[in-house]
Structures are given as structure tokens and as C-alpha cells.
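Reading through the C-alpha cells given below for one structure.
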Amino acid sequence: MSHQSAKDFFRPLAVGAPAPLREIPARPSRAIHFFDPSNEKMAAKIPGMVGTVDVLLGNLEDAVKADNKVAAREGLVKIAQSTDFGPTQLWTRINALDSPWVLDDLTTLVPAIGEKLDVIMVPKVQGAEDIHYVDRLLAQLEAKAGISRPILIHAILETARGVANVEEICGASPRMQGLSLGPADLAADRKMKTTRVGGGHPGYLVREDPPRDANGDTRVDAQRAVFQQDLWHYTIAKMVDACAMHGIYPYYGPFGDIADVVACEDQFRNAFLLGCVGTWSLHPKQIAIANKVFSPSVEDIAHARRVVAAMGDGTGAVMIDGKMEDDASLKQCLVLVALAEQLAEIDPELKAAYDAIPDSEVDA
């Protein structure tokens, strides 16, 4: 493996390309809403969704049939050129790097809509070499097209090798914006015995210990409580660590059972609690769930502000509601308060809810 000087890491990979970012901006991206740009009915709704969702993503990969690939690419160019996205980010998911369409995706999109495109999502990333390929190509295309800011890269973890190489993927380029979990492809690649797209599985469980009868004998046949477990816990936690280490952002991916909004919310919340900043939305009803789950609650923000107010210079420890709060909990609270401030700027309802927290609750 060749090593470059650390000083070279932030030099553009092509003459005339924009300078790489030193820090990835923390922009709200609670829901990444996927749309098929080759579907005219769906495409027509996109301008009206601006401002209602943090990220709109034009999908060119899976779910777009082979004979619609060119139409999807051209449709995305048309939508991007004719729409003012305002506070909403525009992302795209290009075709896989081993596909016959990916080169045309990049050479078409960057010159045509590169200034509007915030992030390019790369599917089935196996290792750093995949990121290096896209990184250099984007720099060449940006330089040629005169793009003023670097387009960022987001990798999907959907192979066992990608998960094994997650740290080197996160650190492969200053363009790396984040990672998403791709549970369906990952399950197939790992030979996991589930056909669900995200969520738990009734066979993956822990069971309460058996009771004993009057003689002290174990009754294994007795009714016992069963708790269904989350198949994705390990992978999400590993992904969150790798992203945090490199200052980029982890996301939960798709939840396939559109009708089961309760389990969807549970899966999103698990990911949020573990450190994810957002998730994918495959249907408008999932946007509302994601916005709710990935926005801190009013109670959380009230508590966080109380801790920040009570901690003063951030050293020592204080007791609040019978619980000890110290500099470690202050850091957690500052993360929540900063997120609340960002979300309030783009979400009037949240702003009203956070602003309504009485000062007495903060100063109590």
C-alpha cells in the first residue's frame, strides 16, 4: 500500500478542481427521500417537496430498470436545472462501479448540474479503492466544468467486505460525507437468513430463563417471555464508530415494509439512539417518521439546556433531578442543543416547539 504525505490529502486531485473541504458541514439530513427521475409522475412532485424534506435523492441505481437508466439520468438533469432547491439538499445515487452506466452518470451529471449536486451516493462500496476512483474522476470533471465547490461522496455499506473495510472507506478521501447501511444487499452478501429489508426478525431472540417448580426442577416447557432482537445492531454500531472517528455522518438505510409504520419508527429510533443522523425514505409517509425520530424531543432539549446552564464553565459535576451530570454529559447535551438550533432554522414547527420551552424549565 502506497502512502502519501498527510499534507497532500487536502490538495485537489486535478489542476483547477476546487480545494477539498477540511470539515464536512453538519447539515440536517433526517430523511434522504428517494425518487425515480424516469417516473414523470414522481418527478413532477419534486419541486413541491422542496423545503418539506432535508434531502431529495434522484436514484439512478437499483429500482430503475436497465432500459430506463438513460431516461432517469436525463430526468435528473432536467429536474435539477429547473428547480430551486433552497434549504433542501440534492443528492443522487449513481449506478454501481462495475456497471455499464456509471461512467456516463458521472460525465453527464457533473458538467450539467455539478453546482447543484451536494452529494453523490456510491453503492456497494468494497474498499478505499472504490472511493479513490470516484474521487479522482470527480476532481477531473469539476476542473473541466469549472465547479466552485467539491461534490461530496456518500458510500453505502451493502457487502461484507465493505463492512470489514469500513474504517479505510471513511478515511479514503476528504470528500467522504457519510455512510448508509444497505441491509437487503448486505443480508444477501453475508448469507443472512432473512429476506426483510431492515427491522428485527422473530427468530433472532432472547428468551427468559425457565421457572422452577415446587421441587426446584426446571420447567423448560413453561410459557416464557421472548424478546425479539435487532439483526442490525452490530453493523450500525460499527458504522457509527468509523464515521465518528473520521468526522463524517452515519445513516440508517431503507426500511422495506412501508405499511408497518410502527416497526419502521422503532428501527429508525434504534439507529438514532446509536448515533445515526438520518435515514432513507422510500415513501412520503416515512419522511414524517424520520423527521420526528431524528429531531430531538422537546423534553430532551429542555433537559440538555438545563445541563448546559447548570454546568457553567463545563468542569466539575452537578446534580439535576437526582442524577449526576458532568463534563461528559455536558458534551452530549451540547450535541443535542446544536442539532436543535440547526433544525429550528429549517423546520418552523420544531422552532416553535423548542422556543416554547419556558426559561423556568432551563433555569430550574
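Taking each pair of different alpha-carbon atoms in region 113-169 once, compute 1/r for the pair, average those values, and report the inverse of that mean as the Kirkwood hydrodynamic radius in Å to one decimal. All intermediate terms of the calculation are to be shown ahead of the outcome.
Working: mean 1/r = 0.0833 Å⁻¹.
Over region 113-169, the inverse of the mean reciprocal pair distance is 12.0 Å.
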Cβ-derived FRET efficiency at R0 41 Å, Asn215 paired with Ala160, nearest 0.05: 0.25
- request: Bin all alpha-carbon pair distances of region 299-361 at 10 Å intervals from 0 and give each bin's fraction as a whole percent.
  value: 22, 51, 24, 4
query: Given H placed 1.01 Å from N in the peptide plane, which residues other than close sequence neighbours of Tyr249 have an amide H under 5 Å from its amide H?
result: Gly178, Leu179
Exposure ranking of Arg30, Arg11 by accessible area [1.4 Å probe, largest first]: Arg11, Arg30
- request: Return the carbon/sulfur percentage of the accessible area of the chain, one whole number, probe 1.4 Å, all protein chains in place.
  value: 54
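For the chain, what is the relative contact order in percent, using Cα pairs closer than 8 Å and at least 6 residues apart in sequence? Please list the in-between numbers first.
Values: 642 pairs, mean separation 52.4, N = 364.
Relative contact order, the chain: 14 percent.
Using r as the Cβ-Cβ distance of Glu167 and Gln228, and R0 as 35 Å, what FRET efficiency do you calculate, to the nearest 0.05?
Details: r = 30 Å, r/R0 = 0.86.
For R0 = 35 Å, the calculated efficiency reads 0.70.
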- request: For region 4-9, take each phi angle, set θ = phi - 60°, evaluate the Karplus expression 6.51 cos²θ - 1.76 cosθ + 1.60, and give the result in whole Hz per residue in order, putting x for glycine and proline.
  value: 9, 5, 4, 5, 7, 4
query: What whole number of Å gives the distance from the Cα centroid of region 258-274 to the Cα centroid of region 170-247?
result: 14
- prompt: Which residue, Pro18, Pro202, Pro123, tops the fluctuation ranking in a GNM of the chain built on C-alpha contacts under 10 Å?
  reply: Pro202
- prompt: Could you give me the ³J(HN,Hα) list for region 85-97, computed from phi with Karplus coefficients 6.51, -1.76, 1.60 and θ = phi - 60°, whole Hz, x at Gly and Pro?
  reply: 8, x, x, 7, 7, 10, 10, 9, 10, 7, 6, 4, 5
message: I need the peptides 169-182, 247-260 ranked by packing, meaning the mean over residues of other C-beta atoms within 10 angstrom, with the highest value on top.
response: 169-182, 247-260
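Give me the accessible area per residue for the chain, probe 1.4 Å, as a whole number in Å².
Values: 18170 Å² over 364 residues.
For the chain, the solvent-accessible area averages 50 Å² per residue.
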- prompt: In whole Hz, what ³J(HN,Hα) sequence does region 159-175 give by Karplus (6.51, -1.76, 1.60; θ = phi - 60°), x for Gly and Pro?
  reply: 9, 4, 5, x, 5, 4, 9, 4, 5, 5, 5, 4, x, 6, 7, x, 6
Unit charges on C-beta of K, R, D, E only; dipole of the chain, Debye: 920
field: Long-range HN-HN contacts of Ile32 with modeled amide H, under 5 Å
entry: Thr279, Trp280, Ser281
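The values are calculated or read from the model by the stated rules, or taken from the named source; none is laboratory data. If you're wondering where the values come from, they're calculated on a predicted model, not measured in any experiment. Reconstructed Cβ throughout: ideal geometry from the backbone, glycine too, with neighbour counts over all protein chains shown. Areas reflect the complete protein model, heavy atoms only, side chains present, ligands, DNA and RNA absent. Shrake-Rupley method; radii C 1.70, N 1.55, O 1.52, S 1.80 Å.
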